[in-house]
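One structure is given here, and the rest of the page talks about it.
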Amino acid sequence: MEDVKQIFNTQSTVEIAHYLVGMYLEHETSEGILGGYIVDCEAYLGPDDQAAHSYGMRNTPRLQAMYQQPGTIYLYTMHTHLILNMVTQPEGMPQGVMIRGIEPATGIEQMEENRGRSGKELSNGPGKLVAALGITKELYGQSIFASPLHLVPEKKRTPKKIETLPRIGIPNKGKWTDMPLRFVASGNPYITNIRKRDIDPDFGWLEKRKK
């Protein structure tokens, strides 16, 4: 975990977003351990990024976590869905990465119960994965390194290819609308809006998938 902390403390938000593709995300809950691999995420570069909540150094009670130290969990609600972000720059510089999709790996039955869904619909969107993992607002402001919701670098997988794309749902933000700040494990079925024909037999991993 010290290596991951070092990356969060020294690298750019774009570099961290790229690094997080394949990272294992785990949540220890009262129903058991739930977890999966990050396959889709987006970088937000506030205060310059017009699509970021912290654009122009905006600072409200809801945004307090964004101004805390790297690894701080920032959660917000959009269309009734809770969305997970991780702070990626030194205290006072509000930049972060939003997690958009995970490939479930541990506690899948419980995740299906949490969501009432199965297959790729289980966690192929930011609100979906938060619900599947049982993430609640109580985790706001805690650390992604040391809280019940944490990264597990020992389980990180290697994508065959990390594809860089524009972010989703960023209309009318000038150059920031089409900025290539989304990173995905190419060919993974849990990527938001992936077409069936683009799904890789090994789900986009170098390591062969267990059948």
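The values are calculated or read from the model by the stated rules, or taken from the named source; none is laboratory data. Bear in mind that the values here come from a model prediction, so they are computed numbers and not experimental data. Quick reminder, even Gly has a Cβ in these numbers, built from the backbone with ideal geometry, and neighbours come from all protein chains shown. Areas reflect the complete protein model, heavy atoms only, side chains present, ligands, DNA and RNA absent. Shrake-Rupley method; radii C 1.70, N 1.55, O 1.52, S 1.80 Å.
Quick one: among 32, 141, 125, which has the greatest mean-square fluctuation in a GNM of the chain with alpha-carbon springs under 10 angstrom?
32
Please work out which option in (i) 30, 19, 16; (ii) 25, 20, 17; (iii) 37, 22, 19 gives semi-axes √(5λ) of the Cα gyration tensor in Å calculated from these coordinates, and answer with its label.
(ii)
Running a GNM on the chain with Cα contacts under 10 Å, which residue among 115, 197, 100 ends up with the highest mean-square fluctuation?
Comparing 115, 197, 100 in the GNM, the peak value goes to 197.
Give the residues of region 25-64 whose amide nitrogen is closer than 20 Å to a point set 7 Å from the Cα of residue 193 in the direction of its Cβ.
From region 25-64, the list is 39-45, 50-53.
Describe numerically, in nm with one decimal, the distance between label points set 7 Å from Cα along Cα→Cβ at residue 81 and at residue 158.
For the pair residue 81/residue 158, the computed spacing is 3.2 nm.
Top to bottom by accessible area (1.4 Å), largest first, where do 12, 30, 123, 118 land?
So the residues, ranked largest to smallest area, are 30, 118, 12, 123.
Could you work out the equivalent-ellipsoid semi-axes for region 158-211, taking the square root of 5 times each eigenvalue of the Cα gyration tensor, largest first, in whole Å?
After scaling each eigenvalue by five and taking roots: 27, 11, 6 Å.
If the cut-off is a Cα-Cα distance under 17 Å, which aspartates and glutamates reach residue 128, setting aside same-chain residues fewer than 8 apart in sequence?
26, 40, 42, 103, 109, 112, 113
What list of ³J(HN,Hα) values in whole Hz, one per residue of region 183-189 in order, does the Karplus curve 6.51 cos²θ - 1.76 cosθ + 1.60 (θ = phi - 60°) give from phi, with Gly and Pro shown as x?
10, 9, 7, 3, x, 7, x
Express in nm, to one decimal, how much length is gained between residue 3 and residue 177 on full extension, taking 0.36 nm for each residue of separation and deducting their alpha carbon distance.
Additional length available on full extension: 59.4 nm.
Determine the share of the chain's accessible area contributed by carbon and sulfur atoms, expressed in whole percent, with a 1.4 angstrom probe. Please list the in-between numbers first.
On the way: 4930 of 9980 Å².
Reported share for carbon and sulfur atoms: 49 percent.
What's the lysine pair count for region 139-211 at a Cα cut-off below 18 Å, pairs eight or more apart or interchain?
9
Quick check for you: with a 1.4 Å probe and neighbouring chains kept, what is the accessible area per residue of the chain, in Å²?
Counting only protein heavy atoms, the per-residue value for the chain is 47 Å².
Taking a ≥ b ≥ c as the square roots of the eigenvalues of the Cα gyration tensor of region 77-132, is the shape rounded (a/c under 1.5), prolate (a/b larger than b/c) or oblate? Please list the in-between numbers first.
Numbers: a/c = 3.09, a/b = 2.14, b/c = 1.44.
Here region 77-132 falls in the prolate category.
Per 10 Å bin, what percent of the C-alpha pairs of region 9-62 does each bin hold, from zero upward?
Taking every Cα pair in region 9-62, the percentages come to 21, 33, 33, 13, 0.
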